[in-house]
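A.B. asks: For reference, the structure I am asking about is given below.
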Amino acid sequence: MNFDYNEEQQLLADSVRRFLEKEYTFEARKQAVAGEGWSPRVWNNFAEMGLLGLPLPAEQGGFGGGAVDLMGVMEAFGEALVVEPYLPTLIAARLVARGGTEEQKKAILPAVAEGRMKLALAHDEKGARYRLDHVNVKAENGTLKGEKSAVVGAPLADRLVVSARTSKGIELFLTEKPNFKPYMTLDEMLAGDVVLNGVKGEALAGGLAAIEEAVDFATALVCAEAVGAMKFACDTTLEYLKTRKQFGVPIGTFQALQHRMVEMVISYEQAKSMACLACSKVDTAPDARDRARSVSMAKVKIADNARHVSQESVQLHGGMGMSEELKVSHTFRRLTVLARQFGDADHHLGRLAAA
Amino acid sequence: MDLNYSPEELAFRDEVRTWLQANLPATLRDKVANYGHLSKEDLLDWHKILAKKGWIAPAWPKEWGGTGWNVIQRYIFEEELGYSGSPPLIPFGLSMCAPVLLRFGTEEQKKRFLPRIYNGEDFWCQGYSEPGSGSDLASLKTKALRDGEFYKVTGQKIWTTLAHYADWIFCLVRTDSQAGKRQEGISFLLIDMKTPGITIRPLILMDGAHEVNEVFFDDVRVPAGNLVFEENKGWTVAKYLLGYERMNTGRIGESKRQLGRLKELAVEKMGDQRFRDRLSRLEVELTALEITNLRFLDRMRRTGQPPGADVSMLKIKGTEIQQGLTELMMESVDPTASDPFSVSVRKKYLSMRKTTIYAGSNEIQRNIISKMTLGL
């Protein structure tokens with residue numbers, strides 16, 4: 001039993017956190033969002049720090065890391081509210097690493113690790129409601145037809161990994177990016193609805209089982225990211241309670257608020273425990289059922305507690321909590337999205353009931 | 001990061017589990033499983049079985065009968081006790097009075113009391129709360145006036161758990177009513193329950209059970225040698241106990257057993273998705289708390305530091321989970337059933353409301369975290 005990161009993991013998490021504190025201030029982030037929606041310079045820094053190749057095989061310029069290796073990075077990203085399409089690129093690249101031909105891997109993975117190529121996984125469709133087997137996009141003779149919705153990272157992606165239904169079931173394809181209109185999600189990530197109108201796709205090995213594994217892996221990382229965002233929400237609210245004065249005293253002297261602050265911190269700790277469970281289980285679970293169960297348990301807790309912590313952080317800030325000028329409102333937006341990403345609490349309760 | 005016990009720790013857990021299964025008498029097991037009443041004899045029988053094995057006081061120093069286990073082993077042992085469904089170990093002697101004597105007692109006091117606690121010869125209870133002093137413990141009024149070689153104690157304690165079984169009571173008493181700070185006039189005194197002037201009145205709780213009492217002291221003569229530590233330094237002693245070994249307040253093992261029981265009871269209700277989701281959420285919360293508990297333990301092992309104030313969250317969440325489990329159990333039994341088991345499940349629900357009130361109410365626990373951990 002050991003809940004520490006190992007030395008390498010800790011060093012990486014520390015250097016990422018230091019970098020973000022210095023270079024990824026709330027102001028800098030605001031400028032990126034108002035401009036291109038991301039920062040190419042930051043992306044290059046991620047590549048230089050080795051973050052983009054972290055979960056990729058060593059033969060393709062990666063480090064062969066698992067979810068636990070990424071956990072500290074995702075926590076730091078959650079605290080800083082990173083908008084660059086890190087997770088979308090990683091999930092898609094991992095699917096290429098697992099299902100691509102040698103040629104595909106060579107063409108894509110070193111480029112991803114070096115920051116020259118970004119990817120996105122186009123899987124969700126309208127009406128899917130988080131069900132992974134809900135795929136209506138059709139593939140015939142390598143030609144894809146249909147529509148993928150809310151593909152996070154798609155506007156910045158150079159290539160897409162797309163799921164489609166074939167005569168054999170659900171399969172994965174690697175495609176060029178068709179034209180579509182980008183938009184910004186509630187938490188200021190670039191996304192798009194991708195219309196596939198006869199786009200050519202190269203087959204990747206791996207069907208629904210590969211998608212389920214990829215999404216469980218990504219869900220565990222979302223749990224870690226949410227834990228980081230919750231940490232910021234707790235820290236900044238505690239700071240506010242100590243400095244904001246009303247009735248001549250800091251509002252943190254009021255017991256009604258003290259107890260709510262304590263409940264927020266407990267929510268954060270409980271969420272962190274479940275993120276540890278999810279990340280270590282996606283790395284080590286003996287089978288898909290065990291992995292899925294742990295991930296769903298974690299996501300139920302993350303969804304519930306992200307909601308609790310984010311709502312309380314805004315309430316305890318009073319009017320300032322509503323203001324776009326404070327980072328806490330942006331953290332609220334991120335936590336609201338993360339609570340639902342890859343399944344809300346109801347979805348994962350359903351998955352637990354079916355298991 | 002590795003969330004699993006090491007092979008050595010797993011072997012230890014299996015050894016404890018196997019031994020408990022083999023040595024827990026069936027009559028006691030059945031009583032606990034059916035939420036039945038445990039008599040003083042039941043509690044002492046189990047105490048003595050563990051004492052004979054040498055496992056009754058793992059945390060004590062070895063010279064007094066401790067096992068020499070590390071913090072993880074002690075945690076595993078206590079969780080296994082809960083998981084096994086054995087009668088509870090009454091903490092007042094073993095894990096309250098004894099640690100106080102070990103830290104503050106004289107050699108004579110240790111020799112006099114510790115072996116009798118170990119062997120279950122003395123049954124102890126705790127005299128802290130008073131009618132006017134619950135959460136605000138430092139306001140206590142029970143007076144102890146020095147009179148030569150004796151203290152004369154007059155006053156009243158309340159909510160005294162199992163005072164009607166007890167041979168001894170450890171009390172916080174006021175020895176100086178003029179002290180500048182209220183905390184400075186309090187002393188820690190050991191009192192023989194057979195001393196003339198002590199009267200016990202039962203307080204029956206809403207489940208009909210007799211667990212707690214009022215204890216009245218009317219000019220009770222207590223030898224001055226029964227004072228622990230210095231006069232007027234009792235608050236220091238009480239605070240020491242607050243920080244002592246609070247790693248098992250989450251009662252994870254016990255709740256895991258109850259969760260298993262709930263799933264058996266709820267077979268019929270599990271078709272109801274609304275019920276099932278509530279059960280799932282409770283199971284998730286319990287899983288999270290188990291990991292949180294292990295994280296605290298891991299921190300303690302790594303730093304060698306005693307647990308911080310934030311372990312209060314184990315008590316808060318642990319008791320909320322215990323209450324949640326009994327609530328779902330009550331909903332699982334047939335609402336029209338009036339058999340003894342169904343009745344005892346409903347009474348268990350009533351009884352468990354005490355858990356968020358006793359041992360420092362959950363509101364006091366939040367005050368502690370707020371002040372000590374968050375600096376508010």
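The values are calculated or read from the model by the stated rules, or taken from the named source; none is laboratory data. Source: prediction; values computed, not measured. Note that we place each Cβ from the backbone using ideal geometry, even for glycine, and neighbour counts take in every protein chain shown. Please note that ligands, DNA and RNA were not included when accessible areas were found on the heavy atoms of the full protein model with its side chains. Shrake-Rupley method; radii C 1.70, N 1.55, O 1.52, S 1.80 Å.
A.B. asks: When the distances between all Cα atoms of the stretch A:279-355 are binned every 5 Å from zero, what whole-number percent does each bin get?
C.D. replies: Bin by bin from 0 Å, the calculated values are 3, 16, 21, 17, 14, 11, 8, 6, 3, 1.
A.B. asks: Summing -39500 (n - 2.57) over the DSSP H runs of n ≥ 4 in chain B and dividing by its residue number, what mean residue ellipticity at 222 nm do you reach, to the nearest 500 deg cm²/dmol?
C.D. replies: -14500 deg cm²/dmol
A.B. asks: Short version: ³J(HN,Hα) in whole Hz for each residue of the stretch B:283-293, in order, from phi by Karplus 6.51 cos²θ - 1.76 cosθ + 1.60 (θ = phi - 60°), x for Gly and Pro, what are they?
C.D. replies: 5, 4, 4, 5, 4, 4, 5, 4, 5, 4, 4
A.B. asks: Taking each residue of A:2-11 in turn, how many C-beta atoms of other protein chains fall within 10 Å of its C-beta, and what is the average?
C.D. replies: 3
A.B. asks: What average number of partner chain Cβ atoms lie no more than 10 Å from the Cβ of the residues making up B:287-299?
C.D. replies: Other-chain Cβ atoms within 10 Å of each residue's Cβ, averaged: 6.
A.B. asks: Moving to a separate point now. Determine the principal axes of the Cα atoms in the stretch A:241-290, then give the extent along each, sorted from largest to smallest and rounded to whole angstroms.
C.D. replies: Result for the stretch A:241-290: principal-axis Cα extents of 59, 16, 9 Å.
A.B. asks: If amide H atoms are built 1.01 Å from N in the plane of the peptide, which residues on other chains or at least 5 residues away come under 5 Å of the amide H of A:R159?
C.D. replies: Amide H neighbours of A:R159, under 5 Å, 5+ apart: A:K118, A:A120.
A.B. asks: Related question: Checking the cross-link filter: which lysines have an alpha carbon closer than 29 Å to that of A:K126, excluding same-chain neighbours under 8 positions apart?
C.D. replies: Within the straight-line cut-off, A:K126 pairs with A:K118, A:K138, A:K145, A:K148, A:K168, A:K177, A:K181, A:K200, A:K299, A:K301.
A.B. asks: Report for chain A the percent antiparallel among DSSP-assigned beta bridges with both residues inside it, nearest 5.
C.D. replies: Around 85 percent of the beta bridges assigned by DSSP in chain A are antiparallel ones.
A.B. asks: Run the quick spin-label model on B:R17 and A:K168: label points 7 Å from Cα toward the beta carbon, then report their separation in nm to one decimal.
C.D. replies: Between B:R17 and A:K168, the label points sit 4.3 nm apart.
A.B. asks: Averaging the inverse of every distinct alpha carbon separation and then flipping it gives the Kirkwood radius. What is it for the stretch B:169-283, in angstrom units?
C.D. replies: 18.7 Å
A.B. asks: Reported to two decimal places, what Rg/Rh ratio describes chain A when computed on Cα atoms with Rh from the Kirkwood expression?
C.D. replies: Here Rg/Rh amounts to 0.98.
A.B. asks: With viscosity set to 1.002 mPa s at 20 °C, what whole-number translational diffusion coefficient in µm²/s follows for the stretch B:65-207 from Stokes-Einstein and a Kirkwood radius over Cα pairs?
C.D. replies: This corresponds to a translational diffusion coefficient of 126 µm²/s.
A.B. asks: If you filter the stretch B:241-343 for GluC sites (Glu not before Pro), then keep DSSP loop positions with at most 15 other Cβ within 10 Å, what is left? Mind dumping the intermediate values first?
C.D. replies: Values: sites: B:E245, B:E254, B:E264, B:E268, B:E283, B:E285, B:E290, B:E320, B:E327, B:E331; in loops: B:E245, B:E268.
Passing sites in the stretch B:241-343 are B:E268.
A.B. asks: What longest range of chain B stays clear of loop-exposed trypsin sites (Lys or Arg not before Pro) (DSSP non-H/G/I/E/B, at most 16 other C-beta within 10 angstrom)?
C.D. replies: B:195-376
A.B. asks: Further question: Can you list, largest first and rounded to whole Å, the semi-axes you get for the stretch B:1-117 by taking the square root of 5 times each eigenvalue of its Cα gyration tensor? Numbers along the way, then the final one.
C.D. replies: Working: eigenvalues 121, 92, 25 Å².
Result for the stretch B:1-117: semi-axes of 25, 21, 11 Å.
A.B. asks: Right, next: Residues with beta-carbon under 12 Å from that of B:E214, excluding B:E214: net charge, scoring Lys, Arg +1 and Asp, Glu -1?
C.D. replies: Residues near B:E214 contribute +1 overall.
A.B. asks: Also, I was wondering about something else. Among the aspartates and glutamates, which fall within straight-line cross-link reach of B:K269, defined as a Cα-Cα distance under 15 Å, with same-chain neighbours fewer than 8 residues apart omitted?
C.D. replies: The qualifying aspartates and glutamates are B:D277, B:E327, B:E331, B:D334.
A.B. asks: Okay, helix-only estimate at 222 nm for chain A: each DSSP H run of n ≥ 4 adds -39500 (n - 2.57), divide by all residues, round to 500 deg cm²/dmol; what do you get?
C.D. replies: -18500 deg cm²/dmol
A.B. asks: Under the classification rounded if a/c is under 1.5, otherwise prolate if a/b is larger than b/c and oblate if not, where does the stretch B:218-376 fall, given a ≥ b ≥ c as square roots of the Cα gyration tensor eigenvalues?
C.D. replies: Details: a/c = 2.90, a/b = 1.62, b/c = 1.80.
Because a/c hits 1.5 or more and a/b fails to exceed b/c, the stretch B:218-376 counts as oblate.
A.B. asks: Spelling out what I want: for every residue of the stretch A:311-320, take phi, set θ = phi - 60°, compute 6.51 cos²θ - 1.76 cosθ + 1.60 (Karplus), and round to whole Hz; glycine and proline get x.
C.D. replies: Each residue's phi maps through the Karplus curve to give 5, 5, 5, 6, 4, 6, 7, x, x, 4 Hz.
A.B. asks: Roll a 1.4 angstrom probe over the protein heavy atoms and tell me the percent of accessible area of chain A that is carbon or sulfur.
C.D. replies: Ligands and nucleic acids excluded, carbon and sulfur give 50 percent.
A.B. asks: Measure off 7 Å from each Cα along the Cα-to-Cβ vector at B:R201 and A:K181, then give the distance between these two points in nanometres to one decimal.
C.D. replies: 7.9 nm
A.B. asks: On to the next question. Output ³J(HN,Hα) for the stretch B:310-317: one whole-Hz value per residue in order, computed from phi by the Karplus curve 6.51 cos²θ - 1.76 cosθ + 1.60 with θ = phi - 60°, and x for Gly and Pro.
C.D. replies: Result, rounded to whole Hz: 5, 5, 4, 5, 5, 5, 4, 5.
A.B. asks: I'd like the per residue volume of the convex hull spanned by the Cα atoms of the protein assembly as shown, given in cubic angstrom.
C.D. replies: 177 Å³
A.B. asks: I'd like the interface area for chains A and B: accessible area of each alone minus the complex, both sides summed, 1.4 Å probe, protein heavy atoms only. What is it in Å² to the nearest 100?
C.D. replies: The summed interface area works out to 3600 Å².
A.B. asks: Count, for each residue of A:270-279, the Cβ atoms from other chains sitting within 10 Å of its Cβ, then give me the mean as a whole number.
C.D. replies: 5
A.B. asks: Something else now. P(r) tail for chain B, what percent of Cα pairs lie past 34 Å?
C.D. replies: That tail contains 30 percent of the Cα-Cα pairs.
A.B. asks: Still on this structure, I have one more. Looking only at Cα atoms, what is the convex hull volume of the stretch B:144-195 per residue, in Å³?
C.D. replies: About 91 Å³ per residue, rounded to a whole number.
A.B. asks: A drop of at least 10 square angstrom in accessible area, chain alone versus all protein chains together, probe 1.4 Å. Which residues of the stretch B:361-376 meet that?
C.D. replies: Buried-area filter returns B:E363, B:R366, B:N367, B:I369, B:S370, B:L374, B:G375, B:L376.
A.B. asks: Go from 0 up to the bin containing the longest alpha carbon distance in the stretch A:1-91, width 10 Å each, and give me the % of pairs per bin.
C.D. replies: Taking every Cα pair in the stretch A:1-91, the percentages come to 16, 50, 28, 6, 0.
A.B. asks: Okay, next question. What share of all Cα pairs of the stretch A:196-355, in percent, falls into each consecutive 10 Å distance bin?
C.D. replies: The distribution over the stretch A:196-355 is 11, 34, 26, 17, 8, 3, 1, given as percents.
A.B. asks: With r as the distance between the Cβ atoms of A:K200 and B:K62 and R0 = 60 Å, compute the FRET efficiency 1/(1 + (r/R0)^6) and round to 0.05.
C.D. replies: Approximately 0.20, to the nearest 0.05.
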